[in-house]
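Step one of this worksheet: look at the structure below.
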Amino acid sequence: MGTSFGRGGATTFQQDLANSDCIVIQGSNMAECHPVGFQWVMEAKARGATVIHVDPRFTRTSAVSDVHVPLRAGSDIAFLGGIVNYVLTHERYFRDYVLAYTNAASIVSESFADTEDLDGLFSGFDAEGRVYDVSTWQYQGARVQAASGQRDQHWDERTRDEGVELQEEARGEAHGAGGPEIGAEPETDPTLTHPRCVFQILKRHFARYTPETVEEVCGVPREKFLRVCELLTANSGRERTSAFAYAVGWTQHTVGVQYIRTAAILQLLLGNIGRPGGGILALRGHASIQGSTDIPTLFNLLPGYIPMPHAHDNDNLDNFVRAEAAHKGYWGNMRSYVVSLLKAWWGGAARPDNDFCFDYLPRLTEGHSTYETVLKQMEGVCRGYLLLGENPAVGSADAKAQRMGMANLDWLVVRDFSLIESATFWKDGPEIASGELNTTDIGTEVFFLPAASHTEKDGSFTNTQRLLQWHFQAVEPRGDSRSDLWFAYHLGRIIREKLAGSERDRDRPVLDLTWDYPTKGELAEPEAEAVLAEIGGYDADATPLSTYEQLRSDGSTACGCWIYCGVYADGVNQAARRKPASEQDWVAAEWAWAWPLNRRILYNRASADPDGNPWSRRKAYVWWDAEQGSWTGYDNADFKRTRPPDHVPDPDARGPDAIGGGDAFIMQADGKAWLFAPAGLTDGPLPTHYEPQESPFDNPLYTQQRNPVRQVLRHAYARYQPSGTQPGSAVFPYVTTTYRLTEHHTAGGMSRWQPYLSELQPEMFCEVSPELARERGLEHLGWATIVSARAAIEARVLVTDRMSPLIVQGRTLHQVGLPYHWGPNGVSTGDAANELAGMALDPNVHIQEVKALACDIRPGRRPRGPARIELVRDYQRRAGITDETGTEV
Amino acid sequence: MTTTSGTEPGVDPAAESGHRDHPPRVGFFTDTTVCIGCKACEVACKEWNAVPDDGLDLTGMSYDNTVGLGANTWRHVAFIEQRKPLAAQEVDLHHDTDVLAMAEHGSATAPTEAGMTPTAPAADGHGEFRWLMASDVCKHCTHAACLDVCPTGSLFRTEFGTVVVQEDICNGCGYCIPACPYGVIDQRKDDGRAWKCTLCYDRLGDGLEPACAKACPTDSIQFGPLDELRERAQRRVEQLHEAGVGDARLYGADPDDGVGGDGAFFLLLDEPEVYGLPPDPVVTTRDLPRMWRHVASAAATLAAGAAAAFLGARRR
Amino acid sequence: MTTDPDSRPGREAVTGGTTAERGVGARGDGRRRKGRGEQPVVPDTEFTSYYGKPVLNGPVWKTPDVPAYLFLGGLAGGSSLLAAGSQITGRPRLATATKVGALGAISGSVVALVHDLGRPARFLNMLRVFKPTSPMNMGSWLLSVYGPLAGASAASAVTGLLPRAGAAATAGAALTGPGIAAYTAALVSDTAVPAWHDAHRELPYVFVGSGAVAAGGLGLLADPDGDAAPARGFALFGTGLEFAASRLMERRLGMVAEPYESGRSGALFRAGEVLSALGTAGAYAGRRSRVAGVLSGAALLAGSALTKWGVFEAGRVSAADPKYTVVPQRQRLRDRAAHETPST
Ligand SMILES: Nc1nc2c(c(=O)[nH]1)N[C@H]1C(S)=C(S)[C@@H](COP(=O)(O)OP(=O)(O)OC[C@H]3O[C@@H](n4cnc5c(=O)[nH]c(N)nc54)[C@H](O)[C@@H]3O)O[C@H]1N2
Ligand SMILES: Nc1nc2c(c(=O)[nH]1)N[C@H]1C(S)=C(S)[C@@H](COP(=O)(O)OP(=O)(O)OC[C@H]3O[C@@H](n4cnc5c(=O)[nH]c(N)nc54)[C@H](O)[C@@H]3O)O[C@H]1N2
Ligand code: SF4
Ligand code: SF4
Ligand code: SF4
Ligand code: SF4
Ligand code: SF4
Ligand SMILES: [Mo]
């Protein structure tokens, strides 16, 4: 989303779904995983909208949808690509919108070659390093920076210096907010006929995604597919809008980012972005997972989607900004954002003469994603580990690797509510049972620290729609439980006390930190609001800021996260606002606070036509009021309020000033939404169907079977399966996918210990169709053993018509459904589905592929003890698996 | 307190039970067409009322692992998998077919066979499928058998027209349990007393809506004055019929039915028995006068029989 | 920014349920459906339920407590009648035996009841109200009247004290005794249990018949030859009444009678009938044999107990199988629809 539109957040808010004429839920089981937000889908339905659910399984979402389309897990690009093709060939795109707001007319460099020309590869592929040289994907005569995604890709060209060669894993680490950049305005062809204009490239690229292809790849009968095309296109255009909602059913693939890109292209062609009832709703997971990418827990980002600097020569603030910022759009002000951040962190120590302590920031030399860290643990490089609210022994792919890594540490801190599997693996994990590990041989010192829950502390959640909602402490934490804020603050305080007086340079970044948060109460709990105030920003007089436009690059402002700037405007905790819905309009702007600047629908300038008038009365949202000389409507305009629609910027203007009156995508380096992404992505400017890492099928579209730049991590236990027609692939003939149930939460730490929730889904199970049950002799409520190249797990069997066999490439395919909530601890127990998964990752965001795996299933319980490992080895032998299998390009 | 409920339709149960100037009768309209089976209602009820958990048992009854209403489950969400088209997907498909015969395959089968039962396969094998979900609860009947038969007065009619057990008075006689035509109220094994939904009497008193309705994300459970709910339900059914969902029907909304109408009624998409509800429940006490007459006449017959035995003995 | 709540875009969209086709205009013909008018015709054998789970929560009453309660009530009530008759017709030994038997039976029944309730104090809870809609409540009141009368009657007979009061008590017990024997039919019928509720017309007669059988059996057991003639007659009457009422009941119940006819409950019920018949026949055939009298008496008592147990079990079975709840109700709806259709 960041690369397509400019910001890595849902483009709309859940309440707005009620205004949709058609809602496509694909890659999410919204009713089960987002039941509260789902009320707005039901509201839309009550107002006459059509709801379509595209999911391998018939779920509780399907049950209340108008159309359920079962498809093969891992084939969504083909499905969506088919719709794109339908829209293009049947001329169902919203031409005025596409021309005005997307880069359809932009002309792409001559050196670009498409997958259609290179049999599944784009130009610039380096098979040795398994990376793309992305420079061939640029526009003709212009070079743009991505607003998000891999912005370090062009360091060398942009700084015109010899940079340090980046290691493979660390290729471009930025995502979230923003579009890439263009050196000058790209050439365009408003007739959309130039053979190298984006529109024509798009047409050629998607031409092979015919209904027949969709049927062959996805197993969706073409009538059903065409029905979706008809419904979607009939409900899009000037008068009508359709919305997409997705979650991890799309992201957890080795081509996950490109799934979302396909939806972005489709929604742009249909004119559904920035308009009420339209958009793409990224349904985020954990209560504040959006918040933890905004103010990231990710290794490659700084707050507000500022990329974490890589180690380069000539590494200084100027070069950093030159390399990563954009000439046009709001990323043009990147220096202000960075400097304000440095001021927030290092206060008085950050001065113009020391680059505002830019050197204090760590530098990336390689990838440090959670999976790469586990490899480092196994290698003995990473020696200590803090687990704050995470249960990788159950929740992370290749659970065994997670445990093996943790068993090789010096120390491990687990802060949680319950004794989760990640805290007890050393005495009762599966490796102890199998004899692979011995408790007495594990040297890891494990500290379990009880955590306070959200009712026991103040703080904010940033939810799925970028909304910051404040919660107040209701009770004191019990016993030794403390908040994470308390832990972080006092840990920092104690470290600083220990380092006090140190003369060493390496201690300066810690000692110079502004670490003066007030505390309250007997437990010396830090004031969460003081942290929020710092995040919201203030000027030299400590007056709270109200917009990021106030941020300065001279050090006169401080702001902990530029996109949150204004959350503490007027000294008021804007996130704590709770004006009831009944006392305001449906946008409810006075309930809490959404970034950026309390805008609820992003890019809403696009809800008006280029002249500033609503595209239609029915879908009016934000429009230009010529009398007032400002943008007005139901929401805050995502545009400079006073910039008229006919504004033509000075050719020399830079940054926000360079945005023209019709440039609705203000974060993008060219002001346009990107149908074709000339920068920012590692695996291609356009989405292409690749098979999952492990698949029973060959890629029918190209010789290139899998995403060529996917990450496949290797370690001593990692084994990958053969695919398609490779010998041995038939040993794993079924596709399995993992998912959630309403009744449980993720790796189970918050649900498997609760009797009220556990009784609702008391045990690990698998879901299979009656046909598969017959084929494999599985009995309803009996046991089944599911095997991959990594592990064998057992589960009770639910035979259900909700799983349907599909005809894929002329063959019947059975899919196996596996909830991933269980582990051996707690009230309700079972084997963890993640034992089965391997560490094959999306190359852009390093997310594991757990939504499409190949497996075998057999009746009965799995063997116990060492025999369990033996069973897996037997499968490996039968499939002829070596440590090279599956790792080929 | 002596409570009896009349047997004429359209009565005001609270007034009948001697409440003067009572608030309007409240209840639930549960619209199962928008239920997403999230079970938030079940959990909210347990949390608010501190109802014990009901044991961990994978039943194989689709996603239903709490089986039915009971002493420790006052809200229960039913899940029914059927090979029938999704509502309105194929508008005209299933109205002339024998729905009961079809539904049988989805739900009348024992849990152990539930998933495996070969159902009348659709032509293309799959696709004709729907998954019904419905949240069930005590009906707070206008004529409540449980209340009528309770020998201790533990069950009583509140000023809101609802039916509530008083735990301190209940003697565990168990009479109310087989009396309920819906199989709602049940005995808790450890203490022998009867438990069921109170319609959150304690919350109503504080002006709060019941916990289950509050928790329901899709407004499948709607709480309010019964008159309003009945009107709203009527409109909803008409809308659904207009939209081609001919299956939609109200259950328990008719004040002329065998229990004088339910305080908690439902909009269903199939026959009530598919959801485990009785198709035509009758309050057992409707027949009580006749029972007493037969008891009296049987007693007299017995006395007459005794007299005859002595007369016969003398004659011989 | 405006704050006009009516300004939501798209608000004119019609509210509907599942409207896949609306807005596309292509498919949905919006044909009206009449809903309830189109009840499908259901073949008689078809019935559906929720995973075969019972619709009702069946009786939680324990065995043998409650079957014993039903049996002992019948025995007590019948015995009190025999006692009164014997007193009037000058059969003091039979009178004393049946008075003591009545007291024993009613005491046993109270013990059974209290055991089922768990604690004695819980019985008293029932006397805090007077509630004609609750047969159990009425039964408690009846019990609290009858019990002392039966007690006084027996005490006077055994001790020979206060004979006039004893006679009055005997009369009182005879007046209330039939109620004790019969009310338990209302007790079980006044539930939603199909085999009980639907049998509410005949069950009182089955119950009093069974009570007469039991009392007759007691008389036979207790009394030496010669004096037992009324007991025999009473047993004969009881057997006949029970048999006739049962046949009537089974015919009228249709499929709901199955639990009385087959399975374990059916076997108990049938065994009760057979034993009653055998006991009665034995009583008449072995008129002069004390051994035959004792055996017949025992058979009659056992027969009565089994009948009550059978009734109890039949109720449980009918509540546990949803078909006994659903099919008759479906039939009722269908009959009603058939009646209504021509008139409208
Ligand atoms: N009750 C509950 N709610 C939750 C959570 C929870 O654990 N429990 N977790 C929260 C978190 S952390 C997250 S991230 C979100 C996740 O929310 P969702 O993404 O909605 O959750 P999942 O169940 O993981 O996956 C969604 C669906 O993707 C389908 N799917 C699998 N593979 C494919 C595919 O290739 N294509 C398509 N189109 N669909 C596929 C699965 O069948 C599944 O139904 O939920 C959040 N909400
Ligand atoms: N196979 C498969 N694997 C998956 C997924 C999948 O769909 N399929 N989904 C993935 C996704 S989207 C996610 S988000 C992950 C989730 O995986 P994890 O994050 O590892 O799993 P959780 O169980 O959510 O772990 C959160 C822990 O935090 C604790 N906790 C809650 N609140 C607090 C707090 O305030 N402070 C502290 N210190 N602890 C707290 C909880 O008790 C819980 O144990 O799983 C991923 N793994
Ligand atoms: S658990 Fe929390 S975040 Fe998830 S749906 Fe419920 S309220 Fe929303
Ligand atoms: S449904 Fe049953 S428990 Fe509830 S009021 Fe009616 S009779 Fe009583
Ligand atoms: S069990 Fe309790 S509530 Fe039920 S009838 Fe007996 S006394 Fe009344
Ligand atoms: S009204 Fe209250 S007691 Fe009744 S089901 Fe709902 S939450 Fe439970
Ligand atoms: S009634 Fe509401 S709360 Fe209960 S399962 Fe259905 S949608 Fe969820
Ligand atoms: Mo997540």
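The values are calculated or read from the model by the stated rules, or taken from the named source; none is laboratory data. All values derive from a computational prediction rather than experimental measurement. Counting neighbours? That spans all protein chains shown, and the Cβs are built from the backbone with ideal geometry, glycine included.
Below are the figures for this structure:
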item	result
From B:153, B:205, residue being away from ligand 7 (no atom under 16 Å from the Cβ) and within 14 Å of chain C (Cβ to nearest Cβ)	B:153
Out of B:284, B:218, sole residue that is out of contact with any strand residue (DSSP E or B) (no Cβ under 7 Å at 6 or more places or on another chain) and within 16 Å of ligand 4 (Cβ to nearest atom)	B:284
Residues of region C:67-105 classified as within 11 Å of chain B (Cβ to nearest Cβ) and crowded, with 24+ Cβ neighbours inside 10 Å, total	14
Yes/no for residue A:602 being within 26 Å of the chain's Cα centre (by Cα) and at pLDDT 95 or above	yes
Every residue from region A:393-450 that is closer than 18 Å to residue A:821 by Cβ and part of a loop (DSSP other than H, G, I, E, B)	A:396, A:397, A:398, A:417, A:418, A:419, A:420, A:429
Residues of region B:26-78 satisfying the condition of being within 16 Å of ligand 1 (Cβ to nearest atom) and under 15 Å from residue B:138 (Cα atoms)	B:41, B:42, B:77
Odd one out for residue A:472 among (1) crowded, with 17+ Cβ neighbours inside 10 Å; (2) away from ligand 1 (no atom under 16 Å from the Cβ)	(1)
Among (1) under 25 Å from the mean Cα position of the chain (by Cα); (2) aliphatic (A, V, I, L, M); (3) assigned to a loop (DSSP other than H, G, I, E, B) - the single one residue A:854 does not satisfy	(3)
Test: residue B:157 is under 18 Å from residue B:59 (Cβ atoms) and either at pLDDT 50 or above or within 16 Å of ligand 3 (Cβ to nearest atom) (or both)	no
Residue within region B:242-254 that is acidic (Asp, Glu), within 8 Å of another protein chain (Cβ to nearest Cβ), surrounded by fewer than 20 Cβ atoms within 10 Å (Cβ to Cβ) and farther than 23 Å from residue C:191 by Cβ present	yes
Qualifying residue in region A:114-136 (condition: assigned to a loop (DSSP other than H, G, I, E, B) and within 30 Å of residue A:231 (Cβ to Cβ))	yes
Listing of strands (runs of 3 or more DSSP E) fully contained in region A:699-796 that carry 1 or more residues being within 16 Å of ligand 1 (Cβ to nearest atom) and within 14 Å of another protein chain (Cβ to nearest Cβ)	A:734-739, A:765-768
Only one of C:212, C:229, C:222, C:192 that is within 8 Å of chain B (Cβ to nearest Cβ) and at pLDDT below 95	C:229
Hits in region A:243-260 - residues which are in contact with a helix residue (DSSP H, G or I) (Cβ under 8 Å, 6 or more places away or on another chain) and within 16 Å of ligand 3 (Cβ to nearest atom)	A:245, A:247
Complete set of residues in region A:415-432 that are over 24 Å from residue A:486 (Cα atoms) and of a type outside the set (D, E, K, R)	A:424, A:425, A:426, A:429, A:430, A:432
Residue count for region A:14-53, restricted to those that are within 13 Å of ligand 7 (Cβ to nearest atom) and within 12 Å of chain C (Cβ to nearest Cβ)	1
Subset of region B:15-47 that is assigned to a loop (DSSP other than H, G, I, E, B), more than 14 Å from every other protein chain (Cβ to nearest Cβ) and touching a residue at least 40 places away in the same chain (Cβ under 8 Å) - its residue that is nearest to ligand 5 (Cβ to nearest atom)	B:19
Helices (runs of 4 or more DSSP H) wholly inside region A:478-541 that include at least 1 residues being among the small types (Gly, Ala, Ser) and surrounded by 14 or more Cβ atoms within 10 Å (Cβ to Cβ)	A:484-499, A:528-536
Tally, over region A:736-793, of residues that are within 14 Å of residue A:829 (Cα to Cα), crowded, with 24+ Cβ neighbours inside 10 Å and either within 16 Å of ligand 4 (Cβ to nearest atom) or of a type in the set (Gly, Ala, Ser) (or both)	3
Region A:605-619: number of residues that are surrounded by 19 or more Cβ atoms within 10 Å (Cβ to Cβ) and either within 14 Å of another protein chain (Cβ to nearest Cβ) or at pLDDT below 95 (or both)	6
Positions within region A:620-660 being touching a residue at least 12 places away in the same chain (Cβ under 8 Å) and within 10 Å of chain C (Cβ to nearest Cβ), in sequence order	A:620, A:621, A:622, A:633, A:634, A:635, A:636, A:637
Some residue of region B:284-294 being assigned to a helix (DSSP H, G or I), more than 8 Å from chain C (Cβ to nearest Cβ) and not charged (D, E, K, R)	yes
Test: residue in region A:437-449 that is modelled with pLDDT of 95 or more, surrounded by 22 or more Cβ atoms within 10 Å (Cβ to Cβ) and away from ligand 4 (no atom under 16 Å from the Cβ)	no
Qualifying strands (runs of 3 or more DSSP E) (wholly inside region B:121-217; at least 2 residues being surrounded by fewer than 20 Cβ atoms within 10 Å (Cβ to Cβ))	none
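Each row is one residue, and each column tells you yes or no for (1) away from ligand 8 (no atom under 16 Å from the Cβ); (2) at the interface with chain C (Cβ under 10 Å from one of its Cβ atoms); (3) touching a residue at least 40 places away in the same chain (Cβ under 8 Å).
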position: B:144; (1), (2), (3): yes, no, yes
position: B:160; (1), (2), (3): yes, no, yes
position: B:180; (1), (2), (3): yes, yes, no
position: B:185; (1), (2), (3): yes, yes, yes
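One line per residue, one yes/no per condition, for (1) within 30 Å of residue B:234 (Cβ to Cβ); (2) within 16 Å of ligand 7 (Cβ to nearest atom):
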position	(1), (2)
B:267	yes, yes
B:275	yes, yes
B:279	yes, no
B:290	no, no
B:295	no, no
B:298	no, no
B:301	no, no
B:304	no, no
B:307	no, no
